[in-house]
Amino acid sequence: MTISLPRGTDLTDRAAAVLAEAAAARATVVLAGHVQPDADALGSTLALAEGLRRRGARVLATFPDPFTLPPSLGWLPGAEGLVPSSAVPASPGVFVSLDAASPARLGELAGLLDGAATSVVVDHHASNPGFGDVRVVDPAAPATVVLVADLLDGLGVPLDERLATCLYAGLAADTGSFRFGNTRPDTHDLAARLLATGIDHAMISQRLFDTAPFGWLGLLSVVAGRAVLEADVGVGLVWTWSSTAEAAEHGLPGEQLEALVDVVRSTQEADVACVLKGQDDGSWSVSLRSRGATDVARVAMALGGGGHTLAAGCTSHEDREATMRAIRRELSAGA
Ligand code: MN
């Protein structure tokens, strides 16, 4: 079944109707965020799962392998009820994809897009090519949790502290705590609604952004110390690299590498910040950030990845120097 509708409120209404119908029929609904879920993917998944459960649906919430969550996210309400991808049926009534910019980001769960009687795609990435039967895809939304809040409203599920904690985590993460340009007046309206439920927003932010083992300081000093500034590439490039193995030397999980780019991107002389993160399988996971003058989603897409205009990523199976040559080439082409 393919349902094509113009973007806007109709889409959210249509998706909410599909979900309400599934809940009323006690159908099985499988929800999943993207691989290595962040606060937006996980907050979206957990909030919509809980909302649908309250409406009577049989809900299974999952995410692609590896089935592990970092400590910064594992405490979110409902995370303890997540099931591994191997535990979900191949042909549920409804499959909901959350915050995944492409089917590939769903890993082994991508088959559910066709396996489910109806698939619903909820996302806000500019690079989303359009997939799934019912699409709530809005690149103007600062976070997928914003779209989930609309769906919960459409389902008639009132926001309480539990739901609001999940939604606020995604909203704070994807707006950089309301610092990024994607923050709009209605973003603060939603934040106000969430705070009004009584959530401990200071605790949420501290757990998400301001908590790391002492070893983080050692890793940071090494990785920041090897950063390279290339002012002649594009509108300026600053880059560095690390690896899961190096993180482990400092007693840190590989997930801690994600925070490196937030330090590197403050470099005044470079519009683009890039961090190469070596993975256990030898590939490089690449984080790209722009201070405003460069469309890094275009760069990431040229290298097989995707994301947002000012924050994107890709995976490279080349070595470090070949990966950087490809990035320099794309940055120079777009300048
Ligand atoms: Mn997101």
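Summary table
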| read-out | value |
| --- | --- |
| Pairs where the first residue, in segment 59-80, is outside any loop (DSSP other than H, G, I, E, B) and the second is basic (K, R), C-beta under 7 Å, 6+ apart | V59/R53; S72/R207 |
| Qualifying residues in segment 195-212 (those that are away from the ligand (no atom under 16 Å from the Cβ), surrounded by 14 or more Cβ atoms within 10 Å (Cβ to Cβ) and in contact (Cβ under 8 Å) with a residue 40 or more places away in the chain) - the one nearest to L42 (Cα to Cα) | R207 |
| Residues satisfying the stated conditions in segment 55-68, i.e. over 22 Å from A23 (Cα atoms) and within 16 Å of the ligand (Cβ to nearest atom) | P64 |
| Residue in segment 254-267 that is small (G, A, S), open to solvent by less than 40 Å² (accessible area, probe 1.4 Å) and not in a strand (DSSP E or B) present | yes |
| Counted residues, segment 142-159 - those being in a loop (DSSP other than H, G, I, E, B) and either away from the ligand (no atom under 11 Å from the Cβ) or farther than 19 Å from A101 by Cα (or both) | 4 |
| Residue count, segment 83-97 (criterion: in contact with a helix residue (DSSP H, G or I) (Cβ under 8 Å, 6 or more places away or on another chain) and either without any contact (Cβ under 8 Å) to a residue 40 or more places away in the chain or not assigned by TED's automatic domain parsing to the domain that holds T45 (or both)) | 2 |
| From G156, G181, residue being more than 17 Å from T62 (Cβ to Cβ), at pLDDT below 95 and over 13 Å from the mean Cα position of the chain (by Cα) | G181 |
| Residues satisfying the stated conditions in segment 271-307, i.e. closer than 15 Å to D319 by Cα, of a type in the set (A, V, I, L, M, F, W, C) and assigned to a loop (DSSP other than H, G, I, E, B) | L303 |
| Looking only at segment 291-335, and only at residues there that are acidic (D, E) and either touching a residue at least 12 places away in the same chain (Cβ under 8 Å) or surrounded by 22 or more Cβ atoms within 10 Å (Cβ to Cβ) (or both), the one that is farthest from L106 (Cα to Cα) | E330 |
| Qualifying positions in segment 160-183 - more than 11 Å from the ligand (Cβ to nearest atom) and in a loop (DSSP other than H, G, I, E, B) | D160, G176, S177, F178, R179, F180, G181, T183 |
| Options P84, P139; residue that is within 19 Å of the chain's Cα centre (by Cα), within 16 Å of the ligand (Cβ to nearest atom) and surrounded by fewer than 19 Cβ atoms within 10 Å (Cβ to Cβ) | P139 |
| Scan of segment 286-335 for residues that are charged (D, E, K, R) and either in contact with a helix residue (DSSP H, G or I) (Cβ under 6 Å, 6 or more places away or on another chain) or over 19 Å from L257 (Cα atoms) (or both), ordered by number | R289, R291, D295, R298, E318, E321, R325, R328, R329, E330 |
| Residue that is surrounded by the fewest Cβ atoms within 10 Å (Cβ to Cβ) [pool: residues in segment 155-178 that are hydroxyl-bearing (S, T, Y) and free of Cβ contacts under 8 Å to residues at least 60 places away in the same chain] | S177 |
| Condition broken by D114, with the remaining ones in (1) within 16 Å of the ligand (Cβ to nearest atom); (2) part of a helix (DSSP H, G or I); (3) out of contact with any helix residue (DSSP H, G or I) (no Cβ under 9 Å at 6 or more places or on another chain) satisfied | (1) |
| Index of the failed condition, A245 passing every other in (1) farther than 23 Å from V145 by Cα; (2) at pLDDT below 95 | (2) |
| Qualifying residue in segment 270-278 (condition: modelled with pLDDT of 95 or more, surrounded by fewer than 20 Cβ atoms within 10 Å (Cβ to Cβ) and either in the same structural domain as D160 (by TED's automatic domain parsing) or not small (G, A, S) (or both)) | no |
| Tabulated pairs, segment 179-190, first assigned by TED's automatic domain parsing to the domain that holds A149, second assigned to a helix (DSSP H, G or I) and among the polar types (S, T, N, Q), C-beta under 8 angstrom, 6+ apart or interchain | none |
| Residues of segment 28-54 satisfying the condition of being surrounded by fewer than 19 Cβ atoms within 10 Å (Cβ to Cβ) and either away from the ligand (no atom under 16 Å from the Cβ) or in a helix (DSSP H, G or I) (or both) | R53, R54 |
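The values are calculated or read from the model by the stated rules, or taken from the named source; none is laboratory data. Every value quoted in this text rests on a predicted model; they were computed, and no experiment measured them. Note: ideal-geometry Cβ built from the backbone for every residue, glycine included; neighbour counts use all protein chains shown. Heavy atoms of the whole protein, side chains included, go into the accessibility calculation; ligands, DNA and RNA do not. Shrake-Rupley method; radii C 1.70, N 1.55, O 1.52, S 1.80 Å.
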